Structure formats: C-alpha cells, structure tokens
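Notes to accompany the following structure.
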Amino acid sequence: MKKGFTLMEVLIVIAISAFLAMLAVGSYNSYRKGALLNLGGDQVLSVIEEMKSKAIHDDFGDARKAAIEAALEDGELAVSTEDDGRCFGVLFENLDGEGFDFYSFSQEFVGEKVWEEGEWRYKGCVGDFVKIELLRDPNLQVVALEGVGFSFWMKFLPPDGDMEYFVDSSFDEGFEELKFEIQYGVDEKFKKTVVYDL
C-alpha cells in the first residue's frame, strides 16, 4: 500500500504552481499599469474641473458673485470689491522634448469689471503663478500635447469660471479641444489619449 507522494509528483505540482504564479503576477502588473494610466488621465481632467470650480466658488464665495451681478444689473460701469478672489488654472510645461510637466496654479485676480468693445470685461489675472506640481508618480507622464510646442495653460476667471487659454505663451482661441497623451512607464502599450472639450 502506497502512503504519500513520490518526489516526481511533488516536483510536478511545484512546477505547475510556479508557472501559474508567473502568469498571475504578469497579468496583475499589466492590470495595475492600465489602472494607474486610467487614473492618471482622470486625474488631469478632474484637476481642470476643480480649478474651474475654485474660480467660481473658492476664495470669494457665492455672496460676492451675487453682489457683482446685482451691481451690474443696476447699471454700474465698474464693479470692484475689497476681496477680488483668485484665478485658478492648469499648466502643461515642456520638459525639453521629454514630455510635459503638469501643474495647477493660482494668481491674484483684479475684480474690477469695465465696459470695453461692447461687452463687460474683467481686468483679470495679475502677478506670478503659485504652482503646484501634479502627477507625482514618476512613471506617469504627459508625453504629447497636440498642437503645442513649449507650453499650454488655461485659466479660469472669477466669478463665472470663464476660461482663457494660451499656447506657447500666446493667447489663442483656435483650439476646440485639449488633446494629450498620457503614458505609464516606457512601454508604448500603456499609453492613452485624453480629450477635454474647450
């Protein structure tokens, strides 16, 4: 009567288990990179929407927006308050041909609104950027930005979140969408195109 397993049977079971474990680890790594790539693309879009929301609601609140709208309805030609709020936005900055860094930023906002060329306009965003670097995972990078050489930045102005965007430091109105590629690691397989409608 046989009790237990032979050495050959044990080695075969170990070999099969090792092979299955290798397959599982490889599949998991691919899944992980794909998931991080998707999260990175979603993070960029989320930050853009967050900056727009901050321009509308943060730093000065809905009460200030209501006060400006009421003053304009009363026919005032210039409106300003003591707390002018801040402009918020995002910046893609070229890394010498090695992709783009991605930042959020804020600037001081001069909230005086004046009548120019048949419409109400704010004096706008002034001063230096206060930048915050995003995409801190060193394996995740914006590798291409369609139609952009050196930099692309968009900013949202209070109180309505109106957007201005600049391509290579020049004001531009020709873009209909921001289209960029984001990549995880060096493998071209983990690259995704992300589109934001302007």
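The values are calculated or read from the model by the stated rules, or taken from the named source; none is laboratory data. Note that this is a predicted model, so its numbers are computed, not measured. Neighbour counts are summed over all protein chains in view; Cβ atoms, including those assigned to glycine, are modelled from backbone coordinates with ideal geometry.
Answer yes or no as to whether residue 181 is among the acidic types (Asp, Glu), surrounded by 14 or more Cβ atoms within 10 Å (Cβ to Cβ), modelled with pLDDT of 85 or more and within 23 Å of residue 30 (Cα to Cα).
On the way: among the acidic types (Asp, Glu): yes; surrounded by 14 or more Cβ atoms within 10 Å (Cβ to Cβ): yes; modelled with pLDDT of 85 or more: yes; within 23 Å of residue 30 (Cα to Cα): yes.
So residue 181 passes the test.
When restricted to residues that are farther than 12 Å from residue 91 by Cα and either of a type in the set (Val, Ile, Thr) or without any contact (Cβ under 8 Å) to a residue 24 or more places away in the chain (or both), region 165-188 contains 10.
Can you tell me how many residues in region 2-23 are of a type in the set (D, E, K, R) and surrounded by 10 or more Cβ atoms within 10 Å (Cβ to Cβ)? Break it down into steps so the answer makes sense when it comes.
Restricting attention to region 2-23, the residues satisfying the condition of being of a type in the set (D, E, K, R) are 2-3, 9.
Checking which are surrounded by 10 or more Cβ atoms within 10 Å (Cβ to Cβ) leaves us with 9.
Total meeting the criteria: 1.
Do we find that residue 181 is assigned to a strand (DSSP E or B) and among the acidic types (Asp, Glu) in this structure? So residue 181 fits the description; yes. Here 114, 126, 142, 90 are screened, and the one residue that is touching a Ser or Thr at 6+ places or on another chain (Cβ under 8 Å) and part of a strand (DSSP E or B) is 90. Being surrounded by 14 or more Cβ atoms within 10 Å (Cβ to Cβ), over 13 Å from the mean Cα position of the chain (by Cα), over 13 Å from residue 142 (Cα atoms) and hydroxyl-bearing (Ser, Thr, Tyr) is a property that does not hold for residue 196.
Residue 153 meets each of the listed conditions (1) in contact with a helix residue (DSSP H, G or I) (Cβ under 7 Å, 6 or more places away or on another chain); (2) more than 29 Å from residue 66 (Cβ to Cβ); (3) not in a loop (DSSP other than H, G, I, E, B) apart from (1). Taking the criterion of being surrounded by 16 or more Cβ atoms within 10 Å (Cβ to Cβ) and not β-branched (Val, Ile, Thr), the residues of region 148-160 that qualify are 151, 152, 153, 154, 155, 156, 157, 158, 159.
For residue 138, the conditions (1) more than 25 Å from residue 197 (Cα to Cα); (2) in contact with a Lys or Arg (Cβ under 9 Å, 6 or more places away or on another chain) all hold with the exception of (2). In the set (1) exposed (fewer than 13 other Cβ atoms within 10 Å of the Cβ); (2) at pLDDT 90 or above, the condition left unmet by residue 50 is number (1).
Against the condition of a type in the set (Val, Ile, Thr), surrounded by fewer than 19 Cβ atoms within 10 Å (Cβ to Cβ) and under 15 Å from residue 37 (Cβ atoms), how does residue 143 come out, does it pass? So residue 143 fits the description; yes. In the set 161, 124, 118, only one residue is closer than 30 Å to residue 69 by Cα, touching a strand residue (DSSP E or B) at 6+ places or on another chain (Cβ under 8 Å) and of a type outside the set (D, E, K, R); that residue is 124.
Before we move on, is residue 135 surrounded by 12 or more Cβ atoms within 10 Å (Cβ to Cβ) and not in a strand (DSSP E or B)? Lay out the reasoning, then the answer.
Values: surrounded by 12 or more Cβ atoms within 10 Å (Cβ to Cβ): yes; not in a strand (DSSP E or B): yes.
Here the answer is yes, as residue 135 does meet what is asked.
The set of residues in region 87-106 that are of a type in the set (S, T, N, Q), buried (at least 19 other Cβ atoms within 10 Å of the Cβ) and either without any contact (Cβ under 8 Å) to a residue 24 or more places away in the chain or over 18 Å from residue 124 (Cβ atoms) (or both) contains only 104.
Among 140, 157, which is the only one that is of a type in the set (A, V, I, L, M) and farther than 22 Å from residue 55 by Cα?
Numbers: 157 fails: farther than 22 Å from residue 55 by Cα.
None of the other options fit; the residue is 140.
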